[in-house]
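One structure is given below, encoded as structure tokens.
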Amino acid sequence: MSKFKKHLNNKVKKIVWNLLKPFIPFILILLFIFGTVTTIVDAIYIQFVQEDDSYLSNEELRLKNMCINEVDKLNTCNNFVDNEPTNLLLDVNNKENNKLIQWSHLYSIMTFHNMANGDKITAKLLNDVGSHFKSTFKYMKDTIKTEQKNVDELGNEIWSIVSEETQYLLAESDTIIGHYKYTYKDFIEENENTRISKKVFVSEELIGEQYEMLNKYLKREFNIRDEDLENQVEIVIQSAIGYSDNTENTSWLFNTKTSIQKGNLDLESNSNSVIANGMFTWPIPGYTSITSEFGYRTHPITGIYKLHTGTDIAAPEGIDFVAMADGVVITACRNTSYGNMVLINHGNGIVTLYAHGSKLLVRTNDVVKQGEPVLKVGSTGYSTGPHAHFEVRINDEYVNPMQYFEGGI
């Protein structure tokens with residue numbers, strides 16, 4: 001009897017296998033399509049969830065909005081021009097942008113209050129906490145003088161001022177990020193008949209320790225021991241990054257309407273201003289190993305699944321990071337998440353970004369040529385090791401940079 005059952009089972013299995021065998025390729029294709037679609041939908045869902053606040057409870061959303069209103073006041077409440085108060089952010093190079101307190105910093109601190117002391121989050125508590133993190137920006141005035149050369153009847157060259165324009169330069173900033181001082185030097189740009197005199201940015205120096213305000217506040221309010229302080233500060237800062245998911249957000253930097261005139265370069269007539277396939281120069285000569293492609297990934301520091309807006313290339317510290325095309329430097333600065341970074345406007349809505357450098361090689365408003373070094377490769381900002389991160393934006397939209405290199409790399 002058992003042999004009969006075994007024979008019958010084998011026969012049934014064979015019949016079932018013969019019936020299913022023709023459909024196996026279709027089943028595998030369907031499983032592949034299902035997995036791909038699920039991944040894409042999941043990525044889109046998470047991205048939208050992060051951006052539209054639907055992941056927050058009503059109470060959390062209320063606190064977020066309270067924090068947004070509070071930091072709007074904090075970032076403009078204590079500013080001075082030559083010791084005269086102002087409510088404006090005035091730096092011509094926009095250097096305040098990566099020193100402003102974010103809503104997520106305040107949100108994280110308030111959450112810390114609730115977890116450590118069980119404090120009820122109220123408008124009064126938020127105001128009291130915010131008062132410890134007032135942002136201060138001190139500016140100095142500089143006059144941009146434009147002079148015209150004339151020749152008198154005796155043949156003598158005479159320079160006369162034809163216009164004077166006031167610009168405001170950031171002298172000091174004191175925010176939750178730290179206390180910084182800025183230095184400038186006199187610069188004269190002269191051609192045959194015109195001379196322009198102004199001050200240009202040289203360097204930014206951290207005075208004291210980073211997050212000094214936060215260190216003092218946490219130690220005072222929560223009696224945190226010195227040996228634990230660094231870890232607690234890191235928890236607050238990394239939590240703030242996670243709340244805002246803003247580690248690679250440079251929307252404030254991609255201003256394609258302002259920098260063309262700054263560099264005095266006619267990008268519209270420049271042979272490199274229209275970037276088509278194959279028009280970009282590879283930005284890290286001699287190094288082509290891609291460690292992270294453009295697309296969705298889990299962020300290596302925040303752990304958040306989000307769009308990686310550029311391409312990462314493995315390269316040792318100190319290697320030249322070069323301009324992919326001719327353009328004007330929108331900004332060359334130190335950014336909290338990107339570290340030392342350079343943004344270049346190539347005209348026609350095309351902007352490229354170079355990040356995490358060990359050293360800046362250009363300044364804001366510089367005119368650069370294709371292949372010119374703009375940055376040294378490094379690991380500044382939110383980085384896990386030396387590498388070259390570069391991005392391309394077309395009309396304020398992130399695009400995959402790799403499509404602009406003819407024949408790949």
Next on the checklist: So, in segment 130-161, how many residues would count as being at pLDDT below 90 and of a type in the set (A, V, I, L, M)?
Outcome noted: 3
Item to check | Residue count for segment 215-234, restricted to those that are over 23 Å from Tyr382 (Cα atoms) and either outside the structural domain of Thr111 (by TED's automatic domain parsing) or among the acidic types (Asp, Glu) (or both) | outcome: 3
Checklist entry - Of all residues in segment 310-351, which are of a type in the set (Phe, Trp, Tyr) and either modelled with pLDDT of 90 or more or outside the structural domain of Thr364 (by TED's automatic domain parsing) (or both)? => result Phe321
Checklist outcome for this item: Checked Gln102, Gln50 against criteria (surrounded by 12 or more Cβ atoms within 10 Å (Cβ to Cβ) and modelled with pLDDT under 75); the one match is Gln50
Next on the checklist: Residue under question is Phe137, and the condition is that it be buried (at least 16 other Cβ atoms within 10 Å of the Cβ), out of contact with any Lys or Arg (no Cβ under 7 Å at 6 or more places or on another chain) and over 30 Å from Lys185 (Cα atoms); does it hold?
Outcome noted: no
Item to check | Options Leu253, Leu267, Leu307: the member that is modelled with pLDDT under 50 and either assigned by TED's automatic domain parsing to the domain that holds Asp366 or in contact with a Cys (Cβ under 7 Å, 6 or more places away or on another chain) (or both) | outcome: Leu267
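For every residue, the table says whether it meets (1) touching a Ser or Thr at 6+ places or on another chain (Cβ under 9 Å); (2) within 21 Å of Thr364 (Cβ to Cβ); (3) in the same structural domain as Trp103 (by TED's automatic domain parsing); (4) of a type in the set (Lys, Arg).
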| residue | (1), (2), (3), (4) |
| --- | --- |
| Ser135 | yes, no, yes, no |
| Lys141 | yes, yes, yes, yes |
| Gln148 | yes, no, yes, no |
| Leu154 | no, no, yes, no |
| Gln167 | yes, yes, yes, no |
| Asp174 | yes, no, yes, no |
| Ser203 | yes, yes, yes, no |
| Gln210 | no, no, yes, no |
| Met213 | yes, no, yes, no |
Checklist outcome for this item: Condition set of a type in the set (Phe, Trp, Tyr) and within 30 Å of Ile207 (Cβ to Cβ), scope segment 145-184, selection surrounded by the fewest Cβ atoms within 10 Å (Cβ to Cβ): answer is Tyr184
Next on the checklist: For segment 149-171, which positions are among the charged types (D, E, K, R) and without any contact (Cβ under 8 Å) to a residue 40 or more places away in the chain?
Outcome noted: Asp152, Glu153, Glu157, Glu164, Glu165
Checklist outcome for this item: Among Phe201, Phe187, the single one that is under 21 Å from the mean Cα position of the chain (by Cα) and either surrounded by 13 or more Cβ atoms within 10 Å (Cβ to Cβ) or modelled with pLDDT under 90 (or both) is Phe201
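The values are calculated or read from the model by the stated rules, or taken from the named source; none is laboratory data. The shown structure was predicted, so the numbers you read here are calculated from the model rather than taken from an experiment. As a convention, Cβ positions derive from the backbone with ideal geometry for all residues, glycine included, and neighbour counts pool all protein chains shown.
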